[in-house]
Amino acid sequence: MGLAILLFTGCYQQLNHNNSYSQSANVTSECRKVKHILGETCVPLNPQRIIVTDQETLEIVVALGLKPLGTVKANIVGSKARILPETTREIIDLGKESQPNLEKMVLLHPDLILGLGIGAQNYNLYSRIAPTVTFDFYHAAWKDNLLLIAQTLGKVEQAKTLLFEYKNKIKNIQKKINNKQGDIEISITRFYAGQKFTQFQTPLSFSGSVLKEIGFATPQKQIKFGSAKFSDGTYGTTNQENLQILDSDILFIALDPGSENNFKRYENNPLWQQLNVVKNQRVYTVDSGYWIFGNILSANAILDDIYKYVLGEK
């Protein structure tokens, strides 16, 4: 971080000297005041050079019809590459989410830096580059993030349209399920790379909240697992000795990059073969990039998986 500060300071002073970038230009231009978790920021009315600092904000901004100038890659899980338009590949790469390239950020001359869960230290640095806004990250309450960022960008009506379309998609799935299959219990399991344990997602998680909204049930064994087994309430941790807790009508396996070997160890376990969901061949592998963390585009991608795997439609 110390090196990053030095790089930032040097670039910032040089840019000021050349008059190619000036913080005063942002201060004096027309803007809207936005309150957020680290203060209040005067945001340009029509930002053109947006930098986003996480993948969830990236998908929100893109869904609202804007194309950020620069963004970061997910640290481990959460890459939205599979659900983003082709045009987003032109967005400039600023490095990992945990360690963005400050020098690049300065040289891009952003007029807004936007992200979820930006820490105070980084916020102070980013604010010297451009107006910066950050909000808390929500799992199940992801719609709040969508609306907060939409308000920041003056895109509230677009956000409402996205949510209206999403709700209609939910209603269509509900209708098909009620007509076809009735109550269904679904488990969502996440496998890590290089770890021997696995996790099941609760209704307080992102994907769990989407399935709950549709009306799917959580297996009772997971509910009775006990709050002491949960971290922030979004997941529970289990292992190969307690596989029965994953049994359900349908099991979605969300694989992190490089987690295939860990998953194979579970598949080769005789206890795995005894699960009813395995015997019934209702286990489906999905992308953890949009099943574990996400927003409106990820939620819609999950609904697409429901159409495909639960309803048998493409």
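Any read-out appearing in this document is the output of simple, stated calculations on the displayed coordinates, not a laboratory observation. Since this is a predicted model, take the numbers as computed values, not measurements. All Cβ positions, even for glycine, are placed from backbone atoms using ideal geometry, and neighbour counts span all protein chains on display.
Here are several values of semi-axes √(5λ) of the Cα gyration tensor in Å: (i) 40, 22, 16; (ii) 44, 37, 17; (iii) 32, 29, 15. Which one was derived from the coordinates shown? Computed from these coordinates, semi-axes √(5λ) of the Cα gyration tensor in Å corresponds to label (i). Taking 0.36 nm per residue of separation and subtracting the current Cα-Cα distance, fully stretching the chain between K196 and I92 would add 33.9 nm. Here the Karplus relation 6.51 cos²θ - 1.76 cosθ + 1.60, evaluated at θ = phi - 60°, turns the backbone of segment 284-291 into coupling constants of 10, 8, 10, 8, 5, x, 10, 8 Hz, with x for every Gly and Pro. Given +1 at the Cβ of Lys and Arg, -1 at the Cβ of Asp and Glu and no other charges, the dipole of the chain around its Cα centre is 440 debye to the nearest 20. Can you compute the FRET efficiency between R82 and L204 using 1/(1 + (r/R0)^6), with r the Cβ-Cβ distance and R0 = 35 Å? Round to the nearest 0.05. Efficiency for this residue pair is about 0.90.
Backbone amide hydrogens, once placed in the peptide plane, bring H36 within less than 5 Å of T41, excluding anything fewer than 5 places away on its chain. Judged by the mean number of other Cβ atoms found within 10 Å, the most tightly packed of the peptides 143-153, 303-313, 85-95, 56-66 leads the ranking 56-66, 143-153, 303-313, 85-95.
Residues W272, W142, arranged from fewest to most other Cβ atoms within 10 angstrom of their Cβ, appear as W272, W142. Electrostatic tally near V106: other residues with Cβ closer than 15 Å to its Cβ, Lys and Arg +1, Asp and Glu -1, net +1. Taking every C-alpha pair closer than 8 Å and separated by at least 6 residues, the mean separation divided by the residue count of the chain gives a relative contact order of 18 percent.
For segment 238-314, taking Cα atoms only, Rg and Dmax work out to 13.3, 38 Å respectively. If you take the charge dipole of segment 167-310 about its Cα centre, with +1 on Lys and Arg Cβ and -1 on Asp and Glu Cβ, which of V283, L246, V210 is farthest toward its positive end? Value computed over the given set: V210.
Send over the Kirkwood Rh of segment 103-187, from the inverse of the averaged 1/r over different Cα pairs, rounded to one decimal Å. With all distinct Cα pairs of segment 103-187 included, I get 15.9 Å. A cut-off of 5 Å between modelled amide H atoms, ignoring neighbours fewer than 5 places along the same chain, links I184 with A217. Checking the cross-link pairs K196/K264; K143/K212; K96/K308; K143/K308; K35/K160; K143/K167 against a 22 Å limit on the alpha carbon distance flags K96/K308; K143/K308 as lying beyond it. Under the simplified labelling scheme, the K176-Q158 pair shows an inter-label distance of 2.8 nm, with each label point 7 Å from Cα along Cα→Cβ.
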